[in-house]
Structures are given as C-alpha cells and as structure tokens.
Amino acid sequence: MREFIVEADGGSRGNPGPAGYGAVVRDAVTGETLRETAEYIGVATNNVAEYRGLLAGLRAAQELDPDATVHVRMDSKLVVEQMSGRWKIKHPDMKPLATQASRVFPPGRVTYEWIPRAQNKHADRLANEAMDAGARGERWSEAASTAELHAAPRAAATPEPPGDAAAGAARVRDALAAGQAAAGPAGPGPDAAPASAREATSPSGGDAARTPATRVGADAETQVEVDAEAGVGADAEAQVEVDAETGEHVTAVRPAEAAADARAAQAVAEGGITRTDADIRAAAAGTPVVEAEADVRPAAKAGTSAENADTRAAKVDADARAAKAVADTRAAKAVTAPGWAPADMGAPATFVLLRHGETPLTPQKRFSGSGGTDPSLSDAGREQAERAAAMLARRGTIQAVVSSPLARTRETAGIVAARLGLDVAIDDGLRETDFGAWEGLTFAEVRERHPDDLNAWLASPDAEPTGGGESFAATATRLAATRDKLVAAHAGRTVLLVTHVTPIKTLVRLALGAPPESLFRMELSAASLSVVAYYADGNASVRLLNDTSHLR
C-alpha cells in the first residue's frame, strides 16, 4: 500500500482578511514532492484557511492514489487535535470543512501529526504565494511556484508508521533545545528580535498574514497550553480557548489582539521600528496591549519629552520580554516531560496492545488467568478479532505480532496476523496472572468463599490469590522484564502485542508511573486496543487506552 505525507497550511492577512492556503503531497518513503496546490480564497480566518489547505491536500493525495494511506503534518494544533477527535469542533465555518476532509479517505487511513511552523515552510510559502497572487488579481500557478526552492532542504523521509507521532515529539524537543541555545543563559528567547523585523522575513512579504499579536510566547510553533489561567490555548495563531461550561475548545479573537493585529500589519508594511512596535512585542509576549499604550502615549500627550517617552517605551519592552521569557518556560514545561532529552532520539518502540476477544467466561465475568482451563474464543470473540484485524489492516502500521501463549490470545493473534500477512511470535511473559483457586469463579463467589484472601488481595499488590496464585507485584516484575526485552528487540518499530487484561493494565500503569491500585480503576474491554510508546531514554508515552471503536 502506498503512503503519502501531506503538509498543509493556511493564512489570513487580518484574521479575518485576505486568505489563502497551500498544500504539498510527498512520497513517504523517498520524500519526493508529488503534488503542490494553493489557492487564494478571499476573506476568511486563519483556521478556515488551514482547513481549506488540509482538504486540498487530502484531495490531491486521493487523486494520486485513492487506496493510499496518508499522514498529515500541520503546524495548526487546532486542526490536528480536532481532526484526531480529541477536541470538539464548534465553529460553524469549520464543521463542514472538517466533515468533508474526514470523507476523502476511509476512516483509519489518515493520521495526523502536529509539527513546528519551521518544518512546514513549503506549505506556508505556497499559502503566501496564493495570497500574493490574489492581491494582484491573479490565480496561483504551480508552474510559477518557487515555494519548494525557498523552503529549507529536507532529507528523504524515513518509512515511519503513519500513526507514529514520534517524529513530531522529537522535533518539538529539538525546537525547544534550539530555542534555548539561541536565547543564551539569560536571554529572553529566540523571538527576541523586534516583531516587525521577525514577521517581514518572507521574500513575498506574505508572513504578515501571521501577525505578532496572534503569537503568544516566544516560540508559537512549540507552545502547548501555555497559560491555562489566561485561557490561551495550544495554537497561538488560532487563540484556542476553553468553554467553561462544556469544556470544549473554541476560538476567539480578543479586541486588544485585533487592534494589535492592525498595528503589526502596518508596522510590517512600513518597515520601520516605532513605539508601536513596543505594543506589538508586548502583545506577542502576552502583555495586554492597553497596558503598553497607557505607559507610553499619555506621557507624550501630557507634554513629556520624547526622551522620557522612549525610556518608558523601553521599560514596557523589557517587561514584555520578561513576560515572554515566563511564557517560554511554561511552553517548554507543557511540551516536554521531566527527563526528556532535547536531542532527537529517533522513533520509539510502539506497542499496540490488543486484548483477546471474548471467551465463554468473559460475559460471565469469571476469573480467567493462566492457571485455569485455558478457554478458546467464542463465536463473538472471533468476530471481535476479525474486526480488530480489519481496522489494523487499514492502518497498515503493524510490523510484527507477538502473543501470549494462552489459547485465546494465540487464536486472536492468528486472525489478525493472517489479515496483516505476518507471523506470530509467542512470548510467555505476556501471559495472564495466575489466579490460583479463584480460576473460573465470579468475584461474588470468591468473596463468599475466600473473603479474607480477597480483601488482602485488594489491599496489597503483594498478596496472592488463594491457593498460591500470582500477586500483582510478581506480575509487574514479569511484565517489566518482558517489556524491556521487547523494546530492545523492536526499537523504532510498531509491534502488536496480543495479551490479557492484567498485562495490558500493568504496562499502562508502569508507563504512567501510577500506583498499583490504579489497576482497579481502568476499564479494558475484550478486543480493545491501547498504545504505549517507549523512547530511547527510558521514558514512555501512553497514546491510547481501551479503544473499541472498531467493534461498533
């Protein structure tokens, strides 16, 4: 199956204002540019333009190969999160565009990854070319485009699984490290240059589409949920906020920001540095524009000398830089986790954890571990395994299959592996906990027959089930050793592990660093999917838990 990378972007010179989008389709293996598309769309917002770019990129990929899988890379956190299903879409202009985009390819064949804006230069320049053409009353022409020539050179893409966001996470860490190096030990951050100079770097002047006032913090490309108290969201360009009643992400343009947008655009057009620039920089740092005006302009109106006004402007600028430095720190903390190294550690070992399908004991909620009757799948369980296999085949990311030795997992793994054209490896470390004398009993029956043992088991991970079963502590030790062995054997690969309730919950618990009692607070359905990624520095990332969408 062919795999494409789609990079898309959109911009608005005014938000809303004259807008355009750009998209590029690449071969995921070679990195070769296969198709470019861009268009001036008239007056629209940044977010609408970004969605239009996404839609155009997906349609271009579909024209190249309707059976391909597509990995979308965008610097819009809003679009990536909404299209991934993690954020709700409330804006009436974006809902129909998102619906259209979701229907270009079948579900499961498109994945999304957020990337810094610096890594989306090709699509960004295409969008600016389209806006420039629109300003001249012309249509954008692919033949006349120089976007790829001006974009930074890129190495050939590595054939990473399209659902793997490791590259994005690594690039975020790399961007943060680069920003810290540019700032120096006491510097304010990589955006310390005057906003007007920073935003006028495009040869076409198109970067004025993203005015400094809409960029909160020193590095908007790597900023994630910078200031929850201020309501500033992950996509600084879109100003994502959270609806206090529903918890949904919504977009808003604040009056102060709209005024700063206008001043920023004027400053970029004039090419000079004026006191207005202090307002722009203050807005970029998160300082309210009205406060910057209060420090400078009333003094001038009251007859204060130009020298004093300049001094106050410098103070405002210094305060703005200090505020921006704080925003930098918050952004870094939000993007990275303690212990993450700044260097790109490469793709992680990604474990897709599939619980086996139902057995005759599953609907009855009976203890069924590794010391019981070892039941096979029921008819319902085989149907569940077939559905999981179909979904995993559509994604096309699995590179190996490893199963617990028990009958129900081997049968489930066999159904999936046959669909994927892979062999099944068996690892005894993935077996279910041995529940001793409780095997085959319901929870109520165990409480009636062995109340003291059950209470001890619920209270301590070191307690064993009646009759010499396996404790949760022993299970965790076994799973940790199995995890380490499999991570070393499958570095940088995506592997399907077909196993049981306790092993999956244990791997998730260990990845989160959660206490043992968290095992009793997770729901894990038959034939559900969970995903954990393991990085070279020993850190882990839980990406999915108990997904049963393929069973509906």
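The values are calculated or read from the model by the stated rules, or taken from the named source; none is laboratory data. Given the structure is predicted, the values throughout are model-derived calculations rather than measurements. Don't worry about glycine lacking a Cβ; one is built from the backbone with ideal geometry, like all the others, and counts go over all protein chains shown. These accessible areas exclude ligands, DNA and RNA; they are computed on the full protein's heavy atoms, side chains included. Shrake-Rupley method; radii C 1.70, N 1.55, O 1.52, S 1.80 Å.
Okay, here's what the table says:
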| item | result |
| --- | --- |
| Placed amide H near SER403: partners under 5 Å, 5+ positions off or other chain | ALA425, ILE426, ASP427, VAL498 |
| Accessible-area ranking of ASP547, ASP379, largest first, probe 1.4 Å | ASP379, ASP547 |
| Gain upon complete extension [ASP423, LEU551; 0.36 nm per residue less C-alpha separation] | 43.7 nm |
| Using θ = phi - 60° and Karplus 6.51 cos²θ - 1.76 cosθ + 1.60, couplings along the stretch 489-501 (whole Hz; Gly, Pro as x) | 6, 10, 4, x, 10, 10, 10, 8, 9, 9, 8, 10, 4 |
| Most to least accessible of GLU142, GLU523 (protein chains only, probe 1.4 Å) | GLU523, GLU142 |
| Per-pair calculated FRET efficiency, R0 = 30 Å: VAL542 and GLU148 via Cβ, rounded to 0.05 | 0.20 |
| Label-point gap, in nm, between PHE443 and LEU458 - each point 7 angstrom along Cα→Cβ | 0.8 |
| Extended-chain gain in nm, criterion 0.36 nm per residue less alpha-carbon gap, LYS90 and ASP67 | 5.2 nm |
| Gained length - THR30 relative to GLN364, 0.36 nm times residue gap less alpha-carbon distance | 115.1 nm |
| FRET efficiency estimate (nearest 0.05) - Cβ-Cβ, LEU510 to ASP374, R0 22 angstrom | 0.25 |
| SER102 versus ALA407: modelled label distance in nm, points set 7 Å from Cα along the beta carbon direction | 4.1 |
| Per residue accessible area in Å² of the stretch 422-501, where ligands, DNA and RNA are left out and the probe is 1.4 Å | 44 |
